[in-house]
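The block underneath contains the structure these notes are about, expressed in C-alpha cells.
The numbers here are math on the coordinates, done by the rules we state, and not lab data. In this text, all values refer to a predicted model and were calculated from it rather than measured experimentally. Virtual Cβ from ideal backbone geometry, glycine too; neighbours counted across all protein chains shown.
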Amino acid sequence: MRQGLVRVACVLALMGVFSGVSFAGELGHYPLGSEGVKGGTIPPPGTYYRMYTTYYYADKVIGSDGHRVDTNYRLHLFANVHRLVWVSHKKMFGADYFADALIPFLYTEVEAKHLGPGPDDHDFCYGDINVEPFGLAWHQPQYDVSMGLSFFAPTGKFNKNNPASPGRDFWTQMTTLGGTWYPDKEKTWSASILSRYEIHTTKDHSDVRPGRNFLFEWGISKMIPPCWELGVAGYSQWQVGDDSGSDVTWDKSVHDRVSAVGPEINLGDPATGCFYSLRLLKEFSAVDRPEGWVVTFTWTKCF
C-alpha cells in the first residue's frame with residue numbers, strides 16, 4: 001500500500017455544522033468530528049480531492065448549568081462538502097508547503113420550540129466557504145507535524161429569522177496546529193491530535209461578535225494488513241472568549257463547550273488511489289449548545 005494514501009488526512013474540514021441555529025450565545029464555524037485518526041498528518045506532495053459526507057442529529061439542548069433545558073428540540077443536518085488540496089514538492093523551513101479550499105452544501109431541518117413561536121424550518125443551500133492559503137507539513141521517521149492559516153467567508157445564505165440558514169453571517173480566521181506520533185518503527189500504531197483556534201468578526205446583520213474558540217480532535221489507531229485501519233477518535237471544544245456587541249442579550253459569561261468519542265474504520269485502496277473513512281461519535285459534557293451524534297464518511301482520491 002502506498003504509505004501516503006493510508007495517511008491522507010487534511011488539516012481543515014467542512015464549515016459549521018450548526019450554522020444558523022442560535023442558542024444562548026453564538027457558535028463558531030468549525031464542526032468537530034470532521035477529522036479523526038492521523039488528523040495531524042498531511043499527505044505527501046500531490047493533488048487530492050476529498051468529499052465529506054456528514055450527518056448530525058441532536059434531540060436536546062444543554063443549558064448553561066449542564067442540564068437539559070428542552071424536550072421539543074430536533075436538529076437534522078446533512079452536509080456534503082467538496083475539497084481540493086494541493087501539496088507542493090517545494091520545501092519551506094524543511095516542510096512541504098500546501099494549500100486547500102472547500103465548498104459545503106447543507107440541508108438543515110430544525111424544530112426548536114424553546115426559541116419561541118414558529119422557529120421550525122428547513123433549508124438547503126451552499127454554506128460558508130473555507131480557504132487555507134498557507135500550510136506547512138513536516139515528516140520525520142516517527143512523527144508528523146502540520147500547521148495552517150485559513151479563513152471562513154460568509155458566502156452562505158443567511159436570514160436571522162430562519163434558524164436553518166446555512167450561513168453564519170461573519171468571518172472566521174482559524175489557526176491550526178497538529179501532529180501524529182508513531183510509537184513503533186513500522187508505523188502500525190499512531191496517536192494524533194489536531195488543534196484549532198478561531199477568531200471571529202462581528203456579524204454583518206447585527207452587532208454581535210462571537211467569542212473565540214479553542215478545540216482539538218484526537219485519534220488512536222492500529223493498521224490491520226493489508227489495508228485496514230481501526231481506531232478510536234474524539235474531540236473537545238471550549239469557547240474561550242466572551243460574545244460581545246450591543247445586540248448581545250444573553251449572559252456573556254456563559255461559554256459553550258462539548259466533547260465526543262467513538263469508533264473509526266479506514267480502508268485504503270492503492271489500485272484506485274482512493275482512501276475511505278467512516279466515523280461515529282457520541283457527544284457528551286455539552287454546555288449551552290446541542291448534544292447529539294455525528295456520523296462522517298470521507299472519500300479521498302489522490303492524483
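Couple of notes before you dig in:
- Extending 7 Å from Cα along the Cβ direction at residue 188 and again at residue 88 yields two label points whose distance is 3.8 nm.
- In order through region 50-64: 3J(HN,Hα) via Karplus (6.51 cos²θ - 1.76 cosθ + 1.60), integer Hz, x for Gly, Pro: 10, 10, 9, 10, 10, 10, 10, 9, 9, 10, 7, 10, 9, x, 5
- Three principal axis extents describe the C-alpha atoms of region 31-155; from largest down they are 57, 32, 20 Å.
- For region 174-303, the Stokes-Einstein estimate of translational diffusion at 10 °C and a viscosity of 1.306 mPa s comes to 93 µm²/s, using the Kirkwood hydrodynamic radius over alpha-carbon pairs.
- Highest-first packing order for the peptide set 257-268, 34-45 is 34-45, 257-268, based on the mean count of other beta carbon atoms within 10 Å.
- Whole-percent P(r), region 81-212, all Cα pairs, 5 Å bins from 0: 2, 9, 13, 15, 16, 14, 10, 8, 6, 4, 2, 0, 0.
- Computing Rg and the Kirkwood Rh from the Cα coordinates of the chain gives a ratio, Rg/Rh, of 0.97.
- Loop GluC sites (Glu not before Pro), region 177-236 (other Cβ atoms within 10 Å of the site Cβ: 10 or fewer; DSSP): 186
- Relative contact order, percent, the chain [alpha-carbon distance under 8 Å, six or more residues apart]: 21 percent
- Gyration tensor verdict on region 210-249 (Cα atoms; rounded if a/c is under 1.5, prolate if a/b is larger than b/c, oblate otherwise): prolate
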